[in-house]
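Accompanying notes for the structure given below.
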Amino acid sequence: MNDPQSTEKKSLGAELIFPVAALVFTLYYFSTIYNSPWTAQVAAFFVGAILIALVLVFIGRVVMMKARGEADLGMRDIVEPLSILPIRFGLIGLTILFTIAIDWGGFTLTSFVFMTLSMIMLNRGKSKGLAALVAACFSLAGYLLFIVAFEIRFPHGPFENLIDGLF
Amino acid sequence: MDADLGIVLSVFWHTLSYWWVILPTIFLGLIVGAIPGFSAANTIIILLPLTLAMDLEMGLVFMVALYASSRMGAGVPAILVNIPGTAGAAATPLDGYPMAKQGRGQQALAMSFVASTVGGLLTTVLAILMMPWLAEVAFVMHSVEMIVVMLFGISLIATIASKDTLKGLIAGFLGLMIGFIGSDHVYATPRGTMGFLELYDGIPLIPALVGLFAVSEAFLVIEGDSMLTHVGREAMKKASWKETIEGCRIAFSKWWHITWTSIIGLIVGVIPGAGAAIASFVAYQQSKSFSKTPELYGTGHPEGLIAPESANNGVTSGTLIPLLVIGIPGGATAAIMLVVMQYHGVSFGPALFRNQPEIGYGMFMVMAVTYLIMTLTILPLSRYMSRVTMVSTAYMSPLIISFTLVGSFVPRQYMFDMYLALAFGVLGYVARKTGYHVAAILIGVILGPLLEQYFLRAMKMSQGDISVLFSSQLGNILWVCLALSLLVPYALDWRRNRAARAASDIPED
């Protein structure tokens, strides 16, 4: 049986990700400017020093809450609700693949594949036909708007090359 | 250069005859304004060959109408799906999106359209009447004064951070540090670029905007079937035209709020290099500071939506003033207009208004006519636009990701910017899941480099003497205003609390 006290504890582990990342980035930034002229340093040292102080105060606050038993270092905030965690990771993974693949797959085809797969996954495998239809309509609309109308130089893929070859 | 009413009116009627150019341009402007990456400036650059081929008047009508309508268009996705179309609309979702989630998207859109239209029209009239004096603002704003203006915007971080000051300040200061990435402004020393050449010019704004707001939102909304709350869904089912009328009524009842926040936009717009993002942040911060109900800001408060929308439309008229009066563009779009006007041999200054009033006054009249036509066309659409919030997140989320990531590619056409938007998306997701405000990060990213630039300029000119910050009369007045705007809300709060305590201490009979 869960201890009611422990369920009321604040889960602060996830809240530390952001300040720790800020601290790491600030120290990295300092490492790139410590030999630079003062014009490159002044604003960053001033703002960075305040940021480090704020992060240390925040870490101190978390440590004190942990010591008083008011918080734990769990990651609940960032992973909950657990029921959609696999889907969320799936969407993030597909987004990364979309960003990589657009370089050689071209805008239209990659967008179509990404949207279809994401929509099917988010619908938990239902309405596959509708997902493909919506994805096709929007990728074609995007092709017409971005590439035909505004002539944005997106990387060309099989679809764009085919259309270029036909017309 | 004093405005002659007869000439102004005749130019107005003449401008109306261009309705057939303005009307389609409005729809183009609304679309490009709503897609992150497609600002008016980008679109005009893309369509520059077409603009140069038109005769001067028609080209200017096209550019000004596109400019004004894209400003209004940027607020639509900011309200409905928490994605500002441009940096100028970055403060709009603070209260606009909570309204949409509560099923008041239609009302919020109507409020935004009225605030934008009234703010835009009012500042257009003020710009015409006060042009010579307003043009002076561009001359008196030096580095020191600009530092204080930037601080007005940055102080919004503290305002946003009111729920958890420490977290808000960490987010804002990390944003400032991220904003400092890139070559330094004097010796071009690369700083914090992680070896990426694409970051030498600094952090590009659109990928940051897309990542922090759009991509992170897409990862978050999948927690539910709909972007709306349960109450919001029920409200949307019952929505009728009354919601639009109610939105208009609320906006008109806040006419004084629209007036003074749009004037903030006008003044900021006149300052070259400032722009709509600063204006909307400053307007939101001031609006909250002097509000009787500051605690409602961030929860879907009409004043919190009206302030940034009227301010960023006020900027539109403001940026034209230094362009036309002294030939200095107030922003990127105005700079492109300058190129087109120079191509056609237009001379700037008082001679423009004397010799070619149809051009000088005409640009303001196009803006006025655009706002009038926009009201008639876009207000009825608010009911249908707000239906976007009813779309299932299973479809909405992938659409948001693909179109906004692609939008982040558009301004510089680097694949790197898409990766950057994705990185900001993950940062934004972590921030939002753990209670850090992404708007505070964005304010830092936008204003950090500007603040550093003006600070270094002031330091170089004073040879490192920090007292230069308090050396100008106008600067000192602005410092006092800044201090007052930060302290007065606390004083008002303290007085309200004391009055409440006193009232509760009165013994009941």
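Worth a mention:
- Test: residue in the stretch B:35-54 that is crowded, with 22+ Cβ neighbours inside 10 Å, of a type in the set (Phe, Trp, Tyr) and touching a Phe, Trp or Tyr at 6+ places or on another chain (Cβ under 8 Å): yes
- Looking across the stretch A:24-71, the residues that are buried (at least 21 other Cβ atoms within 10 Å of the Cβ) and either more than 7 Å from every other protein chain (Cβ to nearest Cβ) or in contact with a Lys or Arg (Cβ under 8 Å, 6 or more places away or on another chain) (or both) come down to A:TYR29, A:ILE33, A:ALA40, A:ALA44, A:PHE58.
- Test: residue in the stretch B:332-345 that is buried (at least 23 other Cβ atoms within 10 Å of the Cβ) and among the small types (Gly, Ala, Ser): yes
- B:THR43 meets each of the listed conditions (1) touching a residue at least 40 places away in the same chain (Cβ under 8 Å); (2) within 19 Å of the chain's Cα centre (by Cα) apart from (1).
- From B:VAL32, B:VAL11, residue being under 18 Å from A:ARG153 (Cα atoms), touching a helix residue (DSSP H, G or I) at 6+ places or on another chain (Cβ under 7 Å) and in a helix (DSSP H, G or I): B:VAL32
- In this structure, B:GLY349 does satisfy being more than 10 Å from every other protein chain (Cβ to nearest Cβ), at positive phi and surrounded by fewer than 24 Cβ atoms within 10 Å (Cβ to Cβ).
- Residue check, B:GLU198 under 21 Å from the mean Cα position of the chain (by Cα), part of a helix (DSSP H, G or I), more than 10 Å from every other protein chain (Cβ to nearest Cβ) and among the charged types (D, E, K, R): no
- When residues of the stretch B:386-397 are limited to those that are more than 7 Å from chain A (Cβ to nearest Cβ) and among the small types (Gly, Ala, Ser), the one nearest to A:ALA131 (Cα to Cα): B:SER392
- In the stretch B:313-322 there is at least one residue matching the filter, namely being in contact with a Lys or Arg (Cβ under 7 Å, 6 or more places away or on another chain), among the β-branched types (Val, Ile, Thr), buried (at least 20 other Cβ atoms within 10 Å of the Cβ) and under 26 Å from B:GLN106 (Cβ atoms).
- Residue check for B:SER310: out of contact with any Lys or Arg (no Cβ under 6 Å at 6 or more places or on another chain) and farther than 29 Å from B:ALA90 by Cα: no
- Close pairs from the stretch A:129-143: first facing chain B (nearest Cβ under 10 Å), partner of a type in the set (S, T, N, Q) and not in a helix (DSSP H, G or I), Cβ under 8 Å, at least 6 apart: A:ALA131/A:ASN123
Residue-wise test of (1) within 14 Å of chain A (Cβ to nearest Cβ); (2) surrounded by fewer than 23 Cβ atoms within 10 Å (Cβ to Cβ); (3) modelled with pLDDT under 90.
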| site | (1), (2), (3) |
| --- | --- |
| B:LEU399 | yes, yes, no |
| B:THR404 | yes, no, yes |
| B:ILE443 | yes, no, yes |
| B:GLU452 | yes, no, yes |
| B:LEU469 | yes, yes, yes |
| B:TRP494 | no, yes, yes |
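- Filter pass, A:PHE114 being surrounded by 14 or more Cβ atoms within 10 Å (Cβ to Cβ) and either more than 25 Å from the chain's Cα centre (by Cα) or not polar (S, T, N, Q) (or both): yes
- Residue within the stretch B:208-226 that is in a loop (DSSP other than H, G, I, E, B) and under 25 Å from the mean Cα position of the chain (by Cα) present: no
- Filtering the stretch B:157-180 for residues that are among the small types (Gly, Ala, Ser) and away from chain A (no Cβ under 11 Å) leaves a non-empty set.
- Taken over the stretch A:144-167, the criterion of being β-branched (Val, Ile, Thr) and within 13 Å of another protein chain (Cβ to nearest Cβ) is satisfied by A:ILE147, A:VAL148, A:ILE152.
- Residue count for the stretch A:48-95 under the criterion of being aromatic (Phe, Trp, Tyr) and touching a residue at least 24 places away in the same chain (Cβ under 8 Å): the result is 1.
Residue by residue, here is whether (1) over 19 Å from B:VAL410 (Cβ atoms); (2) out of contact with any His (no Cβ under 8 Å at 6 or more places or on another chain); (3) of a type in the set (Val, Ile, Thr); (4) not in a helix (DSSP H, G or I) holds:
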position: A:GLY90; (1), (2), (3), (4): yes, yes, no, no
position: A:ASP103; (1), (2), (3), (4): no, yes, no, no
position: A:PHE112; (1), (2), (3), (4): yes, yes, no, no
position: A:GLY125; (1), (2), (3), (4): yes, yes, no, yes
position: A:ALA135; (1), (2), (3), (4): yes, yes, no, no
position: A:ALA141; (1), (2), (3), (4): no, yes, no, no
position: A:ILE152; (1), (2), (3), (4): no, yes, yes, yes
position: A:PRO155; (1), (2), (3), (4): no, yes, no, yes
position: A:ASN161; (1), (2), (3), (4): yes, yes, no, no
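- Output for the stretch B:395-452, where each listed residue is assigned to a loop (DSSP other than H, G, I, E, B), in contact with a helix residue (DSSP H, G or I) (Cβ under 9 Å, 6 or more places away or on another chain) and among the polar types (S, T, N, Q): B:THR434
- Out of B:GLY464, B:GLY475, one residue alone is within 14 Å of chain A (Cβ to nearest Cβ), out of contact with any Cys (no Cβ under 9 Å at 6 or more places or on another chain) and either more than 30 Å from B:ILE83 (Cα to Cα) or exposed (fewer than 12 other Cβ atoms within 10 Å of the Cβ) (or both). It is B:GLY464.
The values are calculated or read from the model by the stated rules, or taken from the named source; none is laboratory data. These numbers come from a predicted model, not from an experiment. Counting neighbours? That spans all protein chains shown, and the Cβs are built from the backbone with ideal geometry, glycine included.
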